[in-house]
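What follows is a set of notes on a single structure, which appears directly below.
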Amino acid sequence: MDFKTTVFFFLSAILIFAGLRVITARNPVHAVLHLILAFFTAAGLWLLLQAEFLAMVLVMVYIGAVMVLFLFVVMMLDINLDQLRQGFWKYLPLGAVIGFLIAIEMGMVLGSRYFQVLDSEVPGVAANASNTRELGALLSTDYVYPFELAAVVLLVAIVAAVALTFRGPKKTRYTDPAAQIRVKAADRVRVVKMPVETQD
């Protein structure tokens, strides 16, 4: 088994493990850490296929948005932040292991040129070709219906998330400028006649 196959199986095993831990971890912090590892590993697999654009988009968009995902998890589940801060050192070993695996993956993928991993097995492209242009052409021609279907699924997910977190209209006081303009002084001020009181 050559080095390229070894890297592929190594990254695939980590990706499967991280994906399973995302849905089985009871702690949301552990789930988010494994999700970061899964995205980073998938980006490494894209780099093995010489799809640099997809790998960079996966790292920049998804890994960058994981912190926002973590924020929403904390807000929706009403997690006690003070308790999380107190247990910071409890998450350090898992974070260190995940960081170590990410560092190994970076070294294996970035050092692949010295082991002839990116060889001629991947179809070559012209010198002036662009992965982004080819990807856009495929999405707007051959895969336009799956692309639109994915957009509809994401829209449904957004609407469902809003519907799940909606707690009903807030009963707050508000002012109606039109009603304020139509009001008359007689409606607001009432003159009351009181008898004069004298002291004996």
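Filter segment 57-89 for residues that are at pLDDT 80 or above and exposed (fewer than 15 other Cβ atoms within 10 Å of the Cβ); which is farthest from Met108 (Cα to Cα)?
Filtering first and then ranking leaves Val61.
Does Ile36 meet the test of being in a helix (DSSP H, G or I), within 26 Å of Phe166 (Cα to Cα) and at pLDDT 80 or above?
no
Quick check, is Thr41 at pLDDT below 85, hydroxyl-bearing (Ser, Thr, Tyr) and assigned to a helix (DSSP H, G or I)?
Answer is no for this residue.
Could you grab the pairs with beta carbons closer than 9 Å, sequence gap of 6+ or different chains, first residue in segment 163-176 and farther than 19 Å from Phe72 by Cα and polar (S, T, N, Q), second one at pLDDT below 70 and surrounded by 10 or more Cβ atoms within 10 Å (Cβ to Cβ)?
Filtered contacts from segment 163-176: no entries.
The values are calculated or read from the model by the stated rules, or taken from the named source; none is laboratory data. What you see is a predicted model, and the numbers here were worked out from it, not measured in a lab. Positions of Cβ are generated from backbone atoms using ideal geometry, with glycine treated the same way; all protein chains shown enter the neighbour counts.
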